[in-house]
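To start, the structure under review is shown below, and the notes come after it.
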Amino acid sequence: QVQLVESGGGWVQTGRSLTLSCKVTGTRLGNYVMGWFRQAPGKNREFVASIGWSRGGSYYADAVKGRFAISKDITRGTVDLEMNNVKLEDAGVYYCVAGQVILSPDYWGQGTQVTVSS
């Protein structure tokens, strides 16, 4: 079982940065992939970024590649998403996820909202 709790959401201006954090608790996470999904207003949930909990390596959606950075701190049990050069289309509810198949996560956090203004 895995529990995920997001934090760090809030208001940010375009071009600025905002970092989200996910607190991870659970066992047998060695083969899991951690990641972030988001749901923008009027759109379906979409993949944002992922990182192996123990294996390492990261992957980003084209829409955020070069702007966002996902990182992990195994000791603290956290997965962060650094959002840089934020755009209006980045607004939405961001969800921390975990699973063996990142495109179909087994666990979801409650979500944290990111509001973007110009």
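The values are calculated or read from the model by the stated rules, or taken from the named source; none is laboratory data. All figures in this text were calculated on a predicted structure; none of them were measured in a lab. Every residue, glycine among them, receives a Cβ derived from its backbone with ideal geometry; neighbour counts consider all protein chains shown. Calculation scope for accessible area: heavy atoms of the full protein, side chains included, ligands and nucleic acids excluded. Shrake-Rupley method; radii C 1.70, N 1.55, O 1.52, S 1.80 Å.
Taking all protein chains together and a probe of 1.4 Å, list T112, T25 from the most accessible to the least accessible. Show your work: numbers first, answer last.
Values: T112 20, T25 60 Å².
The residues order as T25, T112, largest area first.
Step by step: find N for the chain, compute 2.2 N^0.38 Å, then divide the Cα radius of gyration by it. What's the final number? Could the numbers behind the result be given before it?
Details: Rg = 13.2 Å, N = 118, 2.2 N^0.38 = 13.5 Å.
With N residues counted in the chain, Rg over 2.2 N^0.38 Å equals 0.98.
Calculate the FRET efficiency for D62 and T27 from the Cβ-Cβ distance with a Förster distance of 35 Å, rounded to the nearest 0.05. Walk me through the intermediate numbers first.
On the way: r = 34 Å, r/R0 = 0.96.
It comes to 0.55.
Which net charge results for the neighbourhood of V48, defined as the other residues with beta-carbon distances under 14 angstrom from its beta-carbon, given Lys and Arg at +1 and Asp and Glu at -1? Each step should come with its number before you reach the end.
Details: positive: R38, K43, R45, K65, R67, K87; negative: E6, E46, D62, D80, E82, E89, D90.
Result for the local shell: -1.
Give the dimensionless ratio obtained when the Cα radius of gyration of the stretch 49-118 is divided by 2.2 N^0.38 Å.
Values: Rg = 12.6 Å, N = 70, 2.2 N^0.38 = 11.1 Å.
Compactness ratio reported: 1.14.
For the chain, which whole-number percentage of the solvent-accessible area (1.4 Å probe, protein heavy atoms only) is attributable to carbon and sulfur atoms?
Values: 2870 of 6190 Å².
Carbon and sulfur atoms account for 46 percent of the accessible area of the chain.
How much accessible area does R67 have with a 1.4 Å probe, in Å² rounded to the nearest 10?
For R67, the solvent-accessible surface is approximately 20 Å².
Working with all protein chains in place, sort T78, T115 by solvent-accessible area computed with a 1.4 Å probe, largest first.
T115, T78
Would you look at the GNM of the chain, springs on alpha carbons closer than 10 Å, and say which of L81, L20, L103 moves the most?
Of the options given, L103 has the highest mean-square fluctuation.
If one computes the Cα centroid of the stretch 88-118 and of the stretch 1-47, what distance in Å separates the two points?
With the stretch 88-118 and the stretch 1-47 each reduced to a Cα centre, they are spaced 5 Å.
Would you kindly find the accessible area of S104, with a 1.4 Å probe and non-protein molecules such as ligands, DNA and RNA excluded, rounding to the nearest 10 Å²?
It works out to around 70 Å².
When all protein chains stay in place, what accessible area (Å², nearest 10, 1.4 Å probe) is found for F37?
20 Å²
Under a crude label model (7 Å from the Cα following the beta-carbon direction), how far is W11 from Q113 in nanometres?
1.2 nm
Which value, in debye to the nearest 20, describes the size of the charge dipole of the chain about its Cα centre when Lys and Arg Cβ atoms bear +1, Asp and Glu Cβ atoms bear -1, and nothing else is charged? Can you show the working numbers first?
Working: 12 positive and 9 negative charges, 20 e Å.
Approximately 100 debye in magnitude.
Just from the alpha-carbon atoms, what are the Rg and Dmax of the stretch 1-51 in angstroms?
13.4, 39
Suppose all protein chains stay in the model; what accessible area per residue would a 1.4 Å probe give for the chain, in Å²?
Dividing the accessible area of the chain by its residue count gives 52 Å².
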